1. Give the shape of region A:128-232 as rounded, prolate or oblate, defined through the alpha-carbon gyration tensor: a ≥ b ≥ c are the square roots of its eigenvalues, a/c under 1.5 means rounded, and otherwise the shape is prolate if a/b is larger than b/c and oblate if not.
2. Search the structure for amide H atoms under 5 Å from the amide H of B:Glu76, placed 1.01 Å from N in the peptide plane, and list their residues when 5 or more places away or on another chain.
3. Given the rule -39500 (n - 2.57) for each run of at least 4 DSSP H residues, summed and divided by the residues of chain A, what is its mean residue ellipticity at 222 nm, to the nearest 500 deg cm²/dmol?
4. Give the shape of region A:48-120 as rounded, prolate or oblate, defined through the alpha-carbon gyration tensor: a ≥ b ≥ c are the square roots of its eigenvalues, a/c under 1.5 means rounded, and otherwise the shape is prolate if a/b is larger than b/c and oblate if not.
5. Restricting attention to region A:1-98, which chymotrypsin sites (Phe, Trp or Tyr not before Pro) occupy a DSSP loop and are surrounded by at most 15 other Cβ atoms within 10 Å?
6. Do you know the relative contact order of chain B, to the nearest whole percent, from alpha carbon pairs under 8 angstrom that are 6+ apart?
7. Which chymotrypsin sites (Phe, Trp or Tyr not before Pro) from region B:20-93 combine a DSSP loop assignment with at most 12 other Cβ atoms within 10 Å?
8. Before anything else, pin down the relative contact order of region A:185-232: Cα pairs under 8 Å, at least 6 apart, normalised by residue count, whole percent.
Amino acid sequence: MKFGVIVFPGSNCDRDVAMVTQGLLGQPTRMVWHQDRDIDDLDVIVVPGGFSYGDYLRCGAIARFSPAMQATLDHAQKGKWVLGICNGFQVLTEMGLLPGALVRNRDLHFVCDRVSVRVERSVQPWTQAYQPHQVITLPIAHGEGCYYADEATLNELETHQQVLFRYCNSAGELTPEANPNGSIHHIAGIRNRQGNVLGMMPHPERAADAMLGSTDGMNLFQGLLSTMLVSV
Amino acid sequence: MTQTYHARIYVTLRPSVLDPAGTAVQSGLKHLGYDNVEGVRIGKYVELTLQAGTAEEAEGQLDRMCDQLLANPVIENYRFELVDAIAPASVSK
């Protein structure tokens, strides 16, 4: 399975992703500069965390017009995998690949922490290596991570089981105190209707190496890989 | 023949979207003694200058600019005023 990691001016989690996909999982991975368009050889595009183009105007607003993201749009429309993490999630909502938007955190602070996240359901490929309602701990680091969508969009998301991760307490309960940024319905990560695009604010790539204290995020990448093994 | 137009663009959060920064400013005003402030919403203001054949053409372009980039229609509304640089006449949208 071949991974591509988009690199914008201002990306800062791109190498963390490559460290997981290439360094730990041994999968071919190449960095895709934001001006590149040729991504036909790639199976998975990861849009990493950071502050693309300085996040001027709105987070992800300018990144969506880059050649690499226009190519990613085609990639997604072919049904291939796209994973947006943190700033990557913001970019995917800005370009309409995922519904809703990410706005300023409820308490205005940039939150850099480890939080409990409930895996809502076990679906291919993203969460198949987790148990439904499994509570995991993942790092978050964002100032604009409060998920917002209007009622109709929320109903659609819930009806079609598109919410894959929610902020919770260590017992898996959705309490207001366990919601770090005020996200509506405690939403931390969603997939598109088709299921090939996932966006999430928590950083699974920063919780994939035991040497760094946690491997709770590794199952996400391993789930992706096992999908590939099945389909080959 | 093209004309020079100035545009003043106002981008505001939709009423249904919470504005924690506005709430913080409201509480700051309250600390200063302005108890009568009932609500604060913070938006963005953009000024730009463009060349266009007619005011209608400029407005059409501004609409597209706002939809595509300057505002995110999921969370924001926008409106703009167009001022003809030669014969100032305000067009509100």
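None of the figures in this text is laboratory data; all of them are computed from the coordinates on show. No experiment lies behind these values; they were computed from the predicted model shown. Neighbour counts run over all protein chains shown; Cβ positions are idealised from the backbone, glycine included.
1. oblate
2. B:Arg14
3. -6000 deg cm²/dmol
4. Since a/c reaches 1.5 but b/c is at least a/b, the shape of region A:48-120 is classed as oblate.
5. Sites meeting the loop and neighbour criteria: A:Tyr56.
6. Working: 139 pairs, mean separation 40.4, N = 93.
Taking the mean separation of contacting Cα pairs over the length of chain B, I get 43 percent.
7. Answer by residue number: B:Tyr34.
8. Working: 37 pairs, mean separation 9.9, N = 48.
Averaging sequence separation for qualifying contacts and normalising by length gives 21 percent for region A:185-232.
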